[in-house]
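The values are calculated or read from the model by the stated rules, or taken from the named source; none is laboratory data. These numbers were taken from a predicted model, which means no experiment stands behind them. All Cβ positions, even for glycine, are placed from backbone atoms using ideal geometry, and neighbour counts span all protein chains on display.
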Amino acid sequence: MKALILSAGFGTRLKPITDKIPKPLVPVLNVPVIEYNICFLKHYGITEIYINLHHMPEKMKEHLGDGSRFGVKISYLFEKEILGTGGSIASMKEHTDERFLVMNADTIFDFDLEKMLDFHTSKNALVTLGLIRAQEEQEHAVVAAGADGRLIRMLDGSPFGTAPSANAIFSGIHIIEPGLFDYLPAGIFYSITSEVYQRLVRERADILGFFIDGRWYDTGTPASLIDASFDLLGHLPLSYPIPQLMKAYGLAPDQLVLLGKKIKLPAVPVLPPVIIGDGAKLTGMPEIGSWLVVGAGATVKNGRAVQNAVYLPGAQGEQVIRTERGQLYY
């Protein structure tokens, strides 16, 4: 089984951070988001991975290479003109004639993928979408699934005269049979949810939803990036290994202190949870932490936040985005 990680977007919701770094390489707990995806896929035996590229493609290729250091094979699909989710997924027609998986590069998953695959197979589905349970009227809740998993609403599309209330959020993970290619024009920009899946729902096609029992994080905005960082700090380990975080596994949040190499810290109390990357410098503060992530090469001086804060790699403490849950320095 192969996988496609959708990575071509501009990351406009994370601007100005994504003016300098592609969205899939923005880190959570000092690990680029796309590396969580690669480790997740590898854990489930999916080692042939395609990544579509458009925005800053050379930085992506330089960082990920051929995938060998992750124990997978990475191939790149370059988009001269950005194709959207529909056009990007259609490009997989040249690379597989079997079932494949699609996921977004700005999400982090931790759930039993085997259960989703078994569900998809048992239902003979054309497409199965990973869903997150939602309350009625919850933001981004635009999907509804029936008791048997069949989708009965996608956006405003429904086979019924009146669309049922939404009960789910689409997580961005799809399991797709090659028969879907019959619905996918190639080489043009379009959204697969609004222009293909909505149609399939109206036509009562075999498009199903699987409710994910586990963790899912969207990291595509400053607020969601902060939320994901702090939630993961409080819930390590994941069910699959992340090499950079292995030393933190098994530690409760009130014990979690992970310090990188060649760092400079004052002789002050360190209040967990704290993760500090290689080469970071912290000076002048009376204590460090809690709920603090400092990226590699970042500088934190007295007067900058050392609690409820995330510093991206190389941050100097001058540029900051404030969210309800904490501060993001970049």
Return the residues of segment 274-314 that are part of a loop (DSSP other than H, G, I, E, B) and touching a residue at least 40 places away in the same chain (Cβ under 8 Å); say none if nothing qualifies. 277, 291, 295, 296, 308, 312, 313
Please give the number of the condition residue 322 fails out of (1) among the basic types (Lys, Arg); (2) buried (at least 18 other Cβ atoms within 10 Å of the Cβ); (3) within 25 Å of the chain's Cα centre (by Cα). (2)
Residue selected from segment 41-57 under the condition surrounded by 17 or more Cβ atoms within 10 Å (Cβ to Cβ) and either in the same structural domain as residue 239 (by TED's automatic domain parsing) or not in a loop (DSSP other than H, G, I, E, B) (or both), by the criterion farthest from the chain's Cα centre (by Cα): 57
Restrict the check to segment 205-214 and report whether at least one residue is of a type in the set (Val, Ile, Thr), assigned to a loop (DSSP other than H, G, I, E, B) and within 14 Å of the chain's Cα centre (by Cα). no
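Per-residue answers, yes or no, for (1) crowded, with 20+ Cβ neighbours inside 10 Å; (2) under 23 Å from residue 104 (Cα atoms); (3) without any contact (Cβ under 8 Å) to a residue 12 or more places away in the chain:
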{"residue": "133", "(1), (2), (3)": "no, yes, no"}
{"residue": "139", "(1), (2), (3)": "no, yes, yes"}
{"residue": "146", "(1), (2), (3)": "no, no, yes"}
{"residue": "150", "(1), (2), (3)": "no, yes, no"}
{"residue": "160", "(1), (2), (3)": "no, no, yes"}
Which members of segment 89-124 meet the condition of being in contact with a Phe, Trp or Tyr (Cβ under 8 Å, 6 or more places away or on another chain), in a loop (DSSP other than H, G, I, E, B) and either farther than 24 Å from residue 237 by Cβ or outside the structural domain of residue 10 (by TED's automatic domain parsing) (or both)? 95
